[in-house]
1. Restricting to the stretch 65-81, and then to whatever is closer than 13 Å to W148 by Cβ and in contact with an Asp or Glu (Cβ under 9 Å, 6 or more places away or on another chain), can you tell me which residue is surrounded by the fewest Cβ atoms within 10 Å (Cβ to Cβ)?
2. It is to be established whether one or more residues within the stretch 75-91 are modelled with pLDDT under 95, of a type in the set (V, I, T) and closer than 17 Å to H30 by Cβ.
3. When residues of the stretch 98-120 are filtered for being surrounded by fewer than 14 Cβ atoms within 10 Å (Cβ to Cβ), acidic (D, E) and closer than 18 Å to E63 by Cα, how many remain?
4. Search the stretch 154-191 for residues being basic (K, R) and assigned to a strand (DSSP E or B), and hand back the single one that is farthest from A207 (Cα to Cα).
5. Going residue by residue through the stretch 26-44, is there one that turns out to be at pLDDT 90 or above, farther than 25 Å from H172 by Cβ and in contact with a strand residue (DSSP E or B) (Cβ under 6 Å, 6 or more places away or on another chain)?
6. Within the stretch 45-60, restricting attention to residues that are touching a helix residue (DSSP H, G or I) at 6+ places or on another chain (Cβ under 9 Å) and assigned to a loop (DSSP other than H, G, I, E, B), which residue is surrounded by the fewest Cβ atoms within 10 Å (Cβ to Cβ)?
7. Starting from residues that are assigned to a helix (DSSP H, G or I), over 15 Å from the mean Cα position of the chain (by Cα) and of a type in the set (D, E, K, R), keep the ones in the stretch 201-225 and report whichever is surrounded by the fewest Cβ atoms within 10 Å (Cβ to Cβ).
8. Is it true that L106 is of a type outside the set (S, T, N, Q), part of a strand (DSSP E or B) and within 16 Å of L74 (Cβ to Cβ)?
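The values are calculated or read from the model by the stated rules, or taken from the named source; none is laboratory data. As the structure is a computational prediction, the values presented were derived from the model and not from experiment. Positions of Cβ are generated from backbone atoms using ideal geometry, with glycine treated the same way; all protein chains shown enter the neighbour counts.
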Amino acid sequence: MQAVSAAPAAARVQASTLISSLPKLLLATHNRGKATELSDLLGNIPFQVVTLADLGIADDVEEGVASFEENARLKARHYARLSGELTLADDSGLEVDALGGEPGPLSKRYAGENASDDERNRFLLSKLENVPWERRRAAFRCALAIAWPEGQVEEVQGECRGIIAFEPKGDHGFGYDPVFYIPELGKTMAELILDEKNRLSHRARAAEKAREVLERIARETAPKGV
């Protein structure tokens with residue numbers, strides 16, 4: 001009988017050991033879709049990316065209504081202190097010009113605390129029922145905050161402009177993606193495949209800046225000679 005090479009198994013062990021030796025970066029969200037998207041967008045950063053679920057943290061943070069930046073900062077600091085790990089938190093949402101910037105930081109709770117994505121989209125469309133196409137301009141905005149357990153924070157932002165469609169379209173993404181129409185592509189955000197979305201979304205643009213910050217942090221904190 002031919003012997004089975006142990007090389008692939010050894011390579012997997014080596015890769016696993018390398019990942020576990022990296023410093024941790026906690027993604028401070030209970031939303032699995034958002035955690036997966038953020039992890040994909042950050043790419044091959046020199047950190048072991050973990051989630052709240054990975055660390056067994058069920059604690060929640062009550063967000064304010066002042067700004068995306070304030071909410072991201074609040075969450076990042078809270079979970080960094082709780083976990084003792086470098087922590088990245090985001091707050092993101094939709095701002096509609098014709099509604100004076102609503103739903104803004106209340107995007108998730110716009111149609112009620114426990115509303116589904118579909119209910120939120122239908123509620124938003126009802127608010128814009130008599131608003132013509134040329135006045136339905138909107139922006140997805142994302143604020144990312146990176147916090148240390150000691151309390152210091154670095155922040156970045158990203159934005160994607162579009163128009164609120166008259167009806168939902170598309171089966172991808174989450175949140176308001178089905179009603180956020182991107183004129184240059186002729187599609188809603190929910191009609192984009194992941195690679196397309198990751199090139200232009202508000203979260204992608206913020207994550208690109210965050211990746212640069214994290215790579216700098218890794219260089220500055222790496223042991224000398226590494």
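1. Taking the stretch 65-81 first, the residues closer than 13 Å to W148 by Cβ are 73, 76-81.
If we keep only those that are in contact with an Asp or Glu (Cβ under 9 Å, 6 or more places away or on another chain) too, we end up with 73, 76, 78-81.
Details: R73: 21, A76: 29, H78: 17, Y79: 25, A80: 25, R81: 15.
The qualifying residue surrounded by the fewest Cβ atoms within 10 Å (Cβ to Cβ) is R81.
2. No, the stretch 75-91 has no match at all.
3. 1
4. Step by step, filter the stretch 154-191, then rank; the result is K187.
5. Yes, the conditions are met somewhere in the stretch 26-44.
6. Restricting to residues being touching a helix residue (DSSP H, G or I) at 6+ places or on another chain (Cβ under 9 Å) and assigned to a loop (DSSP other than H, G, I, E, B), the top hit is D59.
7. Among those residues, the one meeting the criterion is E220.
8. It is false that L106 is of a type outside the set (S, T, N, Q), part of a strand (DSSP E or B) and within 16 Å of L74 (Cβ to Cβ).
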